[in-house]
Amino acid sequence: MMDKNEEMKQFCYADSVLAFKQISEKKWLNLMTKNFKVVYPKFKLTKDQCTAWRDCFRVMQMALANTSHPENTTIIFEYKLPYEGGRRPDVILLSSSKIYLLEFKMSDHFVKPDLDQLLAYQRDLSEYHLESRGKNIYPILVYTGANCAKDINNKKVNDKLNIYQIYNKACICSPKNLKIECSDTKPIDWKRWVKSKYEPLPSILEAVCQYAKNEPLPEIRTANSAGIGKAFKIIKDNVKYAKDNHKFVVCFVSGVPGSGKTRLGLRLVYEEAEKTKDRAMYMSGNAALVEVLQYTLTQHKKDIKKDSEALIKELFNVINQDSIDMNVLVFDEGQRAWITDDGKINQPLTIMNKMEKGLDWGFLLVLYGDKQNIRDKEKASIDNWAKNLQPSWEVACPDNFAKYFPRNAIHHTYEQLNLTVCLRSHTAKDISELVNLIIAGDKEGAKKVRKNIDDSFPLYITHNRNIAIRYCRGRYKNDRRKYYGFLTSSLQMGKNWNEEGYCEGEVKYRQIANNRLNARKTVNRQDECGKWYTNNNTAGQSHSIGDFSRDFRSVANEFACQGLELDMPVVCWRHDMVWKEGKWNFLLKNPFRNSLRSNAYRILLTRGRDGLIIYIPDTDRLQETYNLFKDIGFEELDLLEQETTTKCS
């Protein structure tokens, strides 16, 4: 049973509605102030916050004035979502049959970021909060500066409720129209609800820190249903087989973007190093991914095991050694291995030969993302991996890979090693399928899949990058754990690349000004890339313009974002791939390079955890591209901002 002190670490106030109706505003505010300092010690309590609390108290007192069973409903203020860095809904009304989730805004008009923030709270409670699963959760957005409900976007007020404006499965209302009936006759064990398991999906950077601290990741329902646990057990069984029988085994795991491949690899390396003491290493040819992972670990040196960052290496630093002395080696993004036409570079063959040279057994885990190769030399198809398989190596792979390998080389095939569900985007599991259909030019198929993506994962288009910036900063105000920024394609055609495209190569960030991208110098990969993604800035430390993604002064291209993620990416669409006359048109005439361009946009469009914004400049050349996304079902952020800033008077 949770003791009183432990309970108070989760909220600022919790009691029955009956008790809340009887408490004075002064006493309640004193409790809120006192407990806020305990629950949120890293946050400053401002005068504006106290004013907001007073508004909230008065509104809730009126809204709950005529309730039939106030003793059976619990009201909770400022409930702290575990592992979420201080994210907290304003008010939760908890009963045995349902949950009301309320957000209060000191404003007289509705803006879309407010609603998306509320829907994200609803998503997180229903998906990750064990005691909330199966309950009806009703999100309500209250504007304390409004006098009455407003008919927003010409949507009719719900006749049955009579008090709410319905918008995207949420209710929007003014204080005087908020009335909530507490009619449940059964009591609720609110203390059990408060101490419920909460199992959010960690970002890739959060995951690597938890592995390095030797902390178990939460058992995530969506990850388990997607087969991550089964896939990991298969991998561990094959490691044991290789070790016990002194064999060399290469194991392939395939998957859509964001399906958890990198997490599988990192988990394997850290568990092998910690529990079995076998020599293990994670490596990738994706320099940006390695740099960001290592940078993240160096920022948490006080908390993690010594030399944790040494378990993560860039591919070239491993492959250039005379031999490889790691029994367990993870090769992330195996599709990006280099194989040149002249045979002078053959990374799969080199890795397997060097492992055999120095070891009596070895296990090579290849994490393979189909249609995610983005460089000319990245030609390591499964067919090419099979051609370079050495006779002494056995293969474990997904069922659909078996046809590429000799029968006598197959140790075992598994359906579970093909990960088909995108976990990165929370409940929007169909986002990868949607993007694949868009890239394939299947407009009608994309429209059908778009309907399956929940409102808690918003998809927007805009002609105005400043509107995109305002949205991100408004939605994630004061939330320093959320990352957002510009992403774009890297292609260059001609000298005037501002008109034609972008520069391909090592330049990963470019300043943005006046709706144009202007090339910037090559960045220091370790420092700049790590800072850009983690937005890490020691208090009082100056930084250069564009150091951090949240500055919106710089942009990362596909080379710098593959394998990584942002909570809300703003993808800047350019002229290198445009929709015209019902199909995609490219600047280049080379089919192979055009396939790389398609893959680049596939990567850019699948980086989001909370949603996606596509910025498409308002030019004649890009108008059909804009209309394509509009027809598929992306909401126009420009119109939403214009239509929803009308005062609720």
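The values are calculated or read from the model by the stated rules, or taken from the named source; none is laboratory data. Nothing here was measured: the structure is a model prediction, and the numbers come from that model. As a convention, Cβ positions derive from the backbone with ideal geometry for all residues, glycine included, and neighbour counts pool all protein chains shown. Surface areas here come from the heavy atoms of the whole protein model, side chains and all, with no ligands, DNA or RNA. Shrake-Rupley method; radii C 1.70, N 1.55, O 1.52, S 1.80 Å.
See the values below:
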read-out	value
Selection count where residues are within 23 Å of P82 (Cα to Cα), not in a helix (DSSP H, G or I) and not basic (K, R), scope region 456-488	7
Single unsatisfied condition, L315 versus (1) open to solvent by 30 Å² or more (accessible area, probe 1.4 Å); (2) at pLDDT below 70; (3) touching a strand residue (DSSP E or B) at 6+ places or on another chain (Cβ under 8 Å); (4) not small (G, A, S)	(1)
Contacts under 7 angstrom Cβ, first residue in region 254-265 being closer than 20 Å to E558 by Cβ and in contact (Cβ under 8 Å) with a residue 60 or more places away in the chain, partner outside any helix (DSSP H, G or I) and basic (K, R), 6 or more apart	G258/R424
Selection count where residues are under 20 Å from W584 (Cα atoms), touching a residue at least 24 places away in the same chain (Cβ under 8 Å) and buried (at least 18 other Cβ atoms within 10 Å of the Cβ), scope region 440-459	2
Region 132-156: number of residues that are open to solvent by 50 Å² or more (accessible area, probe 1.4 Å) and either within 28 Å of S96 (Cα to Cα) or at pLDDT 90 or above (or both)	4
Residue within region 59-72 that is within 35 Å of the chain's Cα centre (by Cα) and either of a type in the set (D, E, K, R) or open to solvent by 60 Å² or more (accessible area, probe 1.4 Å) (or both) present	no
For S95: the one exception among (1) more than 25 Å from P202 (Cβ to Cβ); (2) open to solvent by 10 Å² or more (accessible area, probe 1.4 Å)	(2)
Out of K169, K160, K213, K240, sole residue that is open to solvent by 30 Å² or more (accessible area, probe 1.4 Å) and modelled with pLDDT of 85 or more	K240
Any hit, region 120-128, residues being under 24 Å from D638 (Cβ atoms) and either open to solvent by less than 40 Å² (accessible area, probe 1.4 Å) or without any contact (Cβ under 8 Å) to a residue 60 or more places away in the chain (or both)	yes
